[in-house]
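Undergrad: Dropping the structure in here first, questions after.
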Amino acid sequence: MKGFVEDIENLAIRNQSFRKVLFTANDTQLVLMTLKAGEEIGEEVHNLDQFIRVEEATGTAWCTTPGSRPTPTPSASTAKQPRH
């Protein structure tokens, strides 16, 4: 089985790229993103489950399912986690 075995937390903290792909498989893609204050990623469409880890931020993630209206995702809204 292929996979990605590195310190993702350290890579995320050091990442300076808006979007950096670390790993891609048939049904999976691991991507780091670093956004500046007020910056948005725009609308994205994913046909698979998506996992979001926030290192440090305050913001809102809008999630929808096909045919529904966008609503803020409570678990991702105003996420704030200090760096270790």
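The values are calculated or read from the model by the stated rules, or taken from the named source; none is laboratory data. What you see is a predicted model; the values in this text were computed from it and never measured. Note that we place each Cβ from the backbone using ideal geometry, even for glycine, and neighbour counts take in every protein chain shown.
Undergrad: Please find, within the range 1-52, the residue that is farthest from the chain's Cα centre (by Cα) out of those that are part of a loop (DSSP other than H, G, I, E, B), among the hydrophobic types (A, V, I, L, M, F, W, C) and more than 21 Å from Cys63 (Cα to Cα).
TA: The selected residue is Met1.
Undergrad: Related question: If a residue has to be surrounded by 11 or more Cβ atoms within 10 Å (Cβ to Cβ) and modelled with pLDDT under 80 to count, how many in the range 17-49 make the cut?
TA: Summing the residues that are surrounded by 11 or more Cβ atoms within 10 Å (Cβ to Cβ) and modelled with pLDDT under 80 in the range 17-49 gives 0.
Undergrad: From the residues in the range 50-80 that are among the β-branched types (Val, Ile, Thr) and out of contact with any strand residue (DSSP E or B) (no Cβ under 8 Å at 6 or more places or on another chain), which one is modelled with the lowest pLDDT? Can you show your working first?
TA: Taking the range 50-80 first, the residues among the β-branched types (Val, Ile, Thr) are 52, 54, 58, 60, 64-65, 71, 73, 78.
Checking the rest, the ones that are also out of contact with any strand residue (DSSP E or B) (no Cβ under 8 Å at 6 or more places or on another chain) come to 52, 54, 58, 65, 78.
On the way: Ile52: 74, Val54: 77, Thr58: 78, Thr65: 69, Thr78: 45.
Among those that are among the β-branched types (Val, Ile, Thr) and out of contact with any strand residue (DSSP E or B) (no Cβ under 8 Å at 6 or more places or on another chain), it is Thr78.
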